[in-house]
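> A single structure is presented below for examination.
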Amino acid sequence: MAARKSVEEKLDALDELMAGSDPVEHVAGLTVALRDKSSRVIAKAARLAAERFHYDLAPELVAAFGRLCLADKPAKVDPSCLAKNALPRALVE
């Protein structure tokens, strides 16, 4: 069984993904990243989606924001979460 990737490895993988020129691969990789559990990974994916004008990822951006805001444990919801700040910005840029 393969070991899980660390957050840093996932962030590095996003950089490698975006170094390529295939927009289909970008969308596929960013979709996976937007569904990640780490707010740092989600935030980076949102920023990259906005930078590359991947408007087709809008439903994934909205879904990720909903998951972060409607957490099972509202007491643990972080108002200064990187992803919760990056997702709405990506939707309007």
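The values are calculated or read from the model by the stated rules, or taken from the named source; none is laboratory data. Since the structure is predicted, the reported quantities are computational estimates derived from the model, not experimental observations. Neighbour counts are summed over all protein chains in view; Cβ atoms, including those assigned to glycine, are modelled from backbone coordinates with ideal geometry. Accessible surface areas use protein heavy atoms only, side chains included; no ligands, DNA or RNA. Shrake-Rupley method; radii C 1.70, N 1.55, O 1.52, S 1.80 Å.
> R0 = 25 Å: FRET efficiency of ARG4 with ARG52, Cβ-based, nearest 0.05?
That gives a FRET efficiency of 0.40.
> When the dipole is taken about the Cα centre of the chain, and only Lys, Arg (+1) and Asp, Glu (-1) are charged at their Cβ, what size is it in debye, to the nearest 20?
So the magnitude is around 520 debye.
> What accessible area per residue comes out for the chain, rounded to a whole number of Å², with a 1.4 Å probe?
66
> What does the net charge come to around LYS5 if you take all other residues with beta carbon closer than 11 Å to its beta carbon, with K and R at +1 and D and E at -1?
Once all neighbours under 11 Å are counted, the net charge is -2.
> Report the Cα-based extents of the chain along its three principal axes, largest first, to the nearest Å.
41, 38, 18
> Mean Kyte-Doolittle hydropathy of 0.0 or higher plus an axial Cα length of 15 Å or more: which whole DSSP H helices in the chain meet both?
Details: long enough: 7-19 (18 Å, -0.02); 23-34 (16 Å, 1.20); 39-51 (18 Å, 0.33); 58-69 (17 Å, 1.04); 82-92 (16 Å, 0.68).
For the chain, where a helix must reach 15 Å along its axis and average at least 0.0, the hits are 23-34, 39-51, 58-69, 82-92.
> First compute the accessible area of the chain with a 1.4 Å probe, then give the percent of it belonging to carbon and sulfur atoms.
The value for the chain is 59 percent carbon and sulfur by accessible area.
> Sequence gap at least 6, Cα distance under 8 Å: using those rules, report the relative contact order of segment 24-66 to the nearest whole percent.
On the way: 26 pairs, mean separation 16.9, N = 43.
Computed over segment 24-66, the figure is 39 percent.
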